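Below is one structure, written out as structure tokens; comments come after it.
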Amino acid sequence: MALKVHHIGYLVKKIESAISSFEKLGYHITQDTVYDDIRQVNICFMEKDGYCIELVSPASETSVVSGLMKKFKNSPYHICYETENFDEDYMTLVSDGFMAIDSPTPAPALQGREVVFLTSASVGMIELIRS
Ligand code: NI
């Protein structure tokens, strides 16, 4: 597998105050806040020193991250890996013990590119994105 780190997903309760705090740390916005109606979350991308972070904030009580928010509060919660061999690497990860927690779905905040979330008991949640 040739996986490249694409971004670090960061759970935040209030996206506007998170953006302002990350700006104070020297991050700048690379993509303004987009509403993902499939997952009911607001998403904003920021960058610093070549590191890309994705701020994810629940937009409703039934959003995919509302449960995680209660558990983790404001916290990084996944690393996303980009791959040119999405289908093959997805299957390899599953056979290596990663459990898919959804199925490949387009991500409106990422130009509709397909993403899938997986989890492993030893490393927690990861995201795979089609290159
Ligand atoms: Ni992500």
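Condition first: surrounded by fewer than 18 Cβ atoms within 10 Å (Cβ to Cβ) and not charged (D, E, K, R). Now tell me which residues in the range 78-92 satisfy that.
Matches in the range 78-92: ILE79, ASN85, MET91, THR92.
On the given criteria, is ILE43 in a strand (DSSP E or B), aliphatic (A, V, I, L, M) and either within 13 Å of the ligand (Cβ to nearest atom) or surrounded by 11 or more Cβ atoms within 10 Å (Cβ to Cβ) (or both)?
Taking the combined requirement at face value, the residue satisfies it.
For the range 22-33, enumerate the residues that are surrounded by 16 or more Cβ atoms within 10 Å (Cβ to Cβ) and either modelled with pLDDT under 95 or more than 14 Å from LEU11 (Cβ to Cβ) (or both).
Residue satisfying the conditions is TYR27 alone.
Can you give me the number of residues within the range 27-38 that are without any contact (Cβ under 8 Å) to a residue 60 or more places away in the chain and outside any loop (DSSP other than H, G, I, E, B)?
Residues flagged as without any contact (Cβ under 8 Å) to a residue 60 or more places away in the chain and outside any loop (DSSP other than H, G, I, E, B) within the range 27-38 amount to 5.
Among the listed residues ILE53, ILE79, ILE43, which satisfies the condition of being under 14 Å from the mean Cα position of the chain (by Cα) and closer than 12 Å to LEU128 by Cα?
Checking each option against the conditions leaves just ILE79.
Which residues, counting only those in the range 1-26, are out of contact with any Leu (no Cβ under 6 Å at 6 or more places or on another chain), closer than 16 Å to GLU47 by Cβ, within 16 Å of the ligand (Cβ to nearest atom) and not in a helix (DSSP H, G or I)?
Correct list: LYS4, VAL5, HIS6, HIS7, ILE8, GLY9.
Taking the criterion of being in contact with a Lys or Arg (Cβ under 8 Å, 6 or more places away or on another chain) and away from the ligand (no atom under 11 Å from the Cβ), would at least one residue in the range 86-101 satisfy it?
Yes, the range 86-101 contains at least one residue that is in contact with a Lys or Arg (Cβ under 8 Å, 6 or more places away or on another chain) and away from the ligand (no atom under 11 Å from the Cβ).
Taking interchain pairs and intrachain pairs at least six residues apart, which have beta carbon atoms under 7 angstrom, with the first residue in the range 103-115 and farther than 10 Å from ARG39 by Cβ and in a loop (DSSP other than H, G, I, E, B) and the second open to solvent by 50 Å² or more (accessible area, probe 1.4 Å) and of a type outside the set (Gly, Ala, Ser)?
Between residues of the range 103-115 that are farther than 10 Å from ARG39 by Cβ and in a loop (DSSP other than H, G, I, E, B) and residues that are open to solvent by 50 Å² or more (accessible area, probe 1.4 Å) and of a type outside the set (Gly, Ala, Ser), the close pairs are PRO104/GLU114; GLY112/PRO106.
The values are calculated or read from the model by the stated rules, or taken from the named source; none is laboratory data. Predicted, not measured: the structure shown is a model, and the values here were computed from it. Methodologically, a virtual Cβ is constructed for each residue, glycine included, from the backbone with ideal geometry; neighbour enumeration extends over all protein chains shown. SASA here: full protein model, heavy atoms, side chains in, ligands and nucleic acids out. Shrake-Rupley method; radii C 1.70, N 1.55, O 1.52, S 1.80 Å.
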